[in-house]
Amino acid sequence: MEIEVIPVTPFAQNCSLIWDSSTNKGAFVDPGGDIEKLIAAATNKGVSIEKIILTHGHLDHVGGTVAIAEHYGVPIVGPHIGDKFWLDALMQQSQMFGFPPAQPFAPNEWLNDNDTISVGNLTLEVLHCPGHTPGHVVLVERSSNRVIVGDVIFAGSIGRTDFPQGNHQQLIDSIKQKIMVLPDDMTIYPGHGPTTTVATEKATNPYVSGRFG
């Protein structure tokens, strides 16, 4: 799996352009905004977009979804149905954060734990990781040893749990039971900030190493 991280929106949310180098078929994960920037990135890489994938329903991750999906004529996949209330409330989220109005939408497919998503010849494994939001999912791609984690875990930190239906203990459990059991050398692609690895977070993340949480 090839990946280009493209920060979008005033929140510097990491949209991931992913693609299978053998077919040049790809997807956007969490296209939060800056549509022209995202389309240009796919064009420059020669990637044929075949779907949009969402890790969770927060506006900075999904604000550009409908426009991108309509531009390419492709389906929207994810997140877990636990985040339906966030997608239904996109107009309110827009007002809350001062973003351009985002119309509510429903994906073509909700995701569940242990589902798989194909992108070209790639297979993404879906892990349901609630806590930051109840319907948050992460995407594991074994052949390139990478995991796209949205706002579950960051380099040295974890996702917020003070939004509606956030749950700190549930988030810690998701990280320890789903993320920290992945291979130590797997690269983590968070929804904000730099990449990291499972081993680095085991050793240095205070929420995972037991100093907090």
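The values are calculated or read from the model by the stated rules, or taken from the named source; none is laboratory data. None of the values given here were measured: they were computed from a predicted structure. Heads up, the Cβs are rebuilt from the backbone with ideal geometry, glycines too, and the neighbour counts pull from every protein chain shown. Accessible surface areas use protein heavy atoms only, side chains included; no ligands, DNA or RNA. Shrake-Rupley method; radii C 1.70, N 1.55, O 1.52, S 1.80 Å.
Checking P31, P79, P75 one by one, the residue that is more than 19 Å from T133 (Cα to Cα) and open to solvent by less than 60 Å² (accessible area, probe 1.4 Å) is P75 and no other. V119 meets the conditions (1) under 14 Å from the mean Cα position of the chain (by Cα); (2) open to solvent by less than 10 Å² (accessible area, probe 1.4 Å) in every case but one. The failed one is (1).
Taking the criterion of being in contact with a Leu (Cβ under 9 Å, 6 or more places away or on another chain), more than 20 Å from H56 (Cα to Cα) and not in a strand (DSSP E or B), would at least one residue in segment 186-200 satisfy it? Checked against the condition, which is being in contact with a Leu (Cβ under 9 Å, 6 or more places away or on another chain), more than 20 Å from H56 (Cα to Cα) and not in a strand (DSSP E or B), segment 186-200 yields at least one hit.
Restricting to segment 61-86, what's the tally of residues that are in a helix (DSSP H, G or I) and of a type outside the set (D, E, K, R)? Steps first, please.
Taking segment 61-86 first, the residues in a helix (DSSP H, G or I) are 61-62, 65-72, 81-86.
Filter once more, so that each one left must be of a type outside the set (D, E, K, R): 61-62, 65-69, 71-72, 81-82, 85-86.
The qualifying residues number 13.
Of all residues in segment 87-112, those that are at pLDDT 95 or above, open to solvent by 10 Å² or more (accessible area, probe 1.4 Å) and either touching a helix residue (DSSP H, G or I) at 6+ places or on another chain (Cβ under 8 Å) or not in a helix (DSSP H, G or I) (or both) total 9. Residues of segment 71-86 that are within 21 Å of I39 (Cβ to Cβ) and out of contact with any helix residue (DSSP H, G or I) (no Cβ under 9 Å at 6 or more places or on another chain): G73, V77, G78.
In the condition set (1) part of a strand (DSSP E or B); (2) open to solvent by 40 Å² or more (accessible area, probe 1.4 Å), S22 is compliant with all but (1).
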